[in-house]
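Right, one structure below, let's go through it.
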Amino acid sequence: MIVMDVKIDNFISFKNFHMNMSYPKKIVGSYINNEFLRERTNFRYKKVNIIMGANASGKTSIGKMLMRIFNFVDKKQYESLTDAICDVTKDALIEMDFVTDKYVLYRLKTVIRPKQGEKYTSADIDVMVKSTEINTKDSYETCVKRIEANINEKSTSYIEELEKIQGLSWMFEYPFDSTDSTRRIHMTKNHIRFLHVLEKVLKTLDPAIIKVEKSDEIDNTYIIRYVDKSVIIQDGKLIDSNVLSSGTKAGIEIAGVLTSILEGEFGFYYCDEKFSYIHSDIEKAILSVMVNKIQENEQLFFTTHNTDILDLPLPKHSFLFLQKDMNDVDKPIKCISASSLLKRNTDSLKNAVENDLFSVSPKIDMIYELVSS
């Protein structure tokens, strides 16, 4: 699954929010392989999207909003959207262009009208799905023109309208919350590969780990062995997690994401700030593997605060910056693509970020005011 364009209004902190994942021209000698659809070389999309920004700028929220949209399409339950509406007295809008596992570009437009009673009802939900086949020589732009000119017959219910969409597949990993007792670690069906990746990642994060092995006695169980103790992962649940450091715990979930990418298990991956407790060099190394192994017709979103990531040899269009300004009532959160401001190949992305060209650096004046308090 590939997301090409997203517009969100009146959900969480997003008002008139727009994020686009197309790019205009082919990059010669790009570090990322095949940033276009298989057998559709003109249909270019941002295969890797590194999202950066200050705290509370929307990096996690945009991922969770995308997950709400996917769940709405998949399960047909509108509560996944209505629970996130900011102002229930106004219309809420979502418009998303995306490609599933077929050569079809979909446009999903959902308008949720103001709540009339205590709860939203299906009568408040207005959904329109348009689509067009992606031909061999098509670009995203030519497909959009056809969709906009297309007058589809709308179904009588939003559920029937959503059933026009087929082939969703995604994985979303967000920061670990120790209070979430239902949280489980994703483990792929290929136990051999997951074990191999898990051991490599965990032994890198904690040299005291002697071995990681799969239990012969208990199904779907892995054992992390130290010299004097062991930690068990059973059915995706970490037993006695206090033994492990925060970075090592995060490493288990990272191994799940990395294995899924190596397996091509999902078409869409959103890896959200999983490296807060992990050394910068390790984060760069794991991201490099993800970028190298992300397959054709797949897409990766990766959020981080680590400016060392800017040193990776990625195209400028791979970097998106979320800028938050609550004084801007109409558009408090903006998404800025690095390539929209840095046009020349010689432009330094890291210098631009260090000079706050994208206006995403945190405001720290109030912290320094504490010196005189």
- Query: Any residue in segment 103-110 that is among the polar types (S, T, N, Q), more than 27 Å from A338 (Cβ to Cβ), open to solvent by 20 Å² or more (accessible area, probe 1.4 Å) and out of contact with any Cys (no Cβ under 7 Å at 6 or more places or on another chain)?
  - Reply: no
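Would you confirm, using the coordinates I've provided, whether F17 is of a type outside the set (S, T, N, Q), more than 26 Å from D126 (Cβ to Cβ), open to solvent by less than 40 Å² (accessible area, probe 1.4 Å) and modelled with pLDDT of 95 or more? Full working, then the answer.
On the way: of a type outside the set (S, T, N, Q): yes; more than 26 Å from D126 (Cβ to Cβ): no; open to solvent by less than 40 Å² (accessible area, probe 1.4 Å): yes; modelled with pLDDT of 95 or more: yes.
When the stated conditions are applied, F17 does not pass them.
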- Among the numbered criteria (1) of a type in the set (V, I, T); (2) open to solvent by less than 50 Å² (accessible area, probe 1.4 Å); (3) under 30 Å from G117 (Cα atoms), which single criterion is violated by V48? (3)
- Query: Which of (1) out of contact with any helix residue (DSSP H, G or I) (no Cβ under 6 Å at 6 or more places or on another chain); (2) open to solvent by 30 Å² or more (accessible area, probe 1.4 Å) is the odd one out, the single condition Y277 does not satisfy?
  - Reply: (1)
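Yes/no matrix, rows are residues, columns are (1) open to solvent by less than 40 Å² (accessible area, probe 1.4 Å); (2) over 15 Å from E296 (Cα atoms):
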| site | (1), (2) |
| --- | --- |
| M21 | yes, yes |
| I27 | no, yes |
| R38 | no, no |
| D74 | no, yes |
| A92 | yes, yes |
| D97 | yes, yes |
- Among the residues of segment 347-361, is there at least one that is touching a His at 6+ places or on another chain (Cβ under 9 Å) and on the phi < 0 side of the Ramachandran plot? no
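Of the residues K90, K64, which single one is part of a helix (DSSP H, G or I) and either touching a residue at least 60 places away in the same chain (Cβ under 8 Å) or under 27 Å from N327 (Cα atoms) (or both)? Step through it out loud before you land on a result.
On the way: K90 fails: part of a helix (DSSP H, G or I).
Exactly one residue qualifies, and that residue is K64.
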- Query: Does K115 satisfy the condition of being over 18 Å from the mean Cα position of the chain (by Cα), at pLDDT 95 or above and among the basic types (K, R)?
  - Reply: no
- Positions within segment 111-143 being touching a residue at least 60 places away in the same chain (Cβ under 8 Å) and open to solvent by less than 50 Å² (accessible area, probe 1.4 Å), in sequence order: I134, D138, S139, Y140, C143
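Counting residues that are modelled with pLDDT of 90 or more and touching a helix residue (DSSP H, G or I) at 6+ places or on another chain (Cβ under 8 Å), which helices (runs of 4 or more DSSP H) fully inside segment 283-373 reach at least 1?
Details: elements: 338-341, 349-354, 365-368.
Ranges flagged: 338-341, 349-354.
Could we say that E298 is open to solvent by 40 Å² or more (accessible area, probe 1.4 Å), of a type in the set (D, E) and under 29 Å from L37 (Cα atoms) here? Please lay out each step first, then the result.
Numbers: open to solvent by 40 Å² or more (accessible area, probe 1.4 Å): no; of a type in the set (D, E): yes; under 29 Å from L37 (Cα atoms): yes.
In short, no.
The values are calculated or read from the model by the stated rules, or taken from the named source; none is laboratory data. All figures in this text were calculated on a predicted structure; none of them were measured in a lab. Positions of Cβ are generated from backbone atoms using ideal geometry, with glycine treated the same way; all protein chains shown enter the neighbour counts. These area figures cover heavy atoms from the full protein model, side chains too; ligands, DNA and RNA do not enter into them. Shrake-Rupley method; radii C 1.70, N 1.55, O 1.52, S 1.80 Å.
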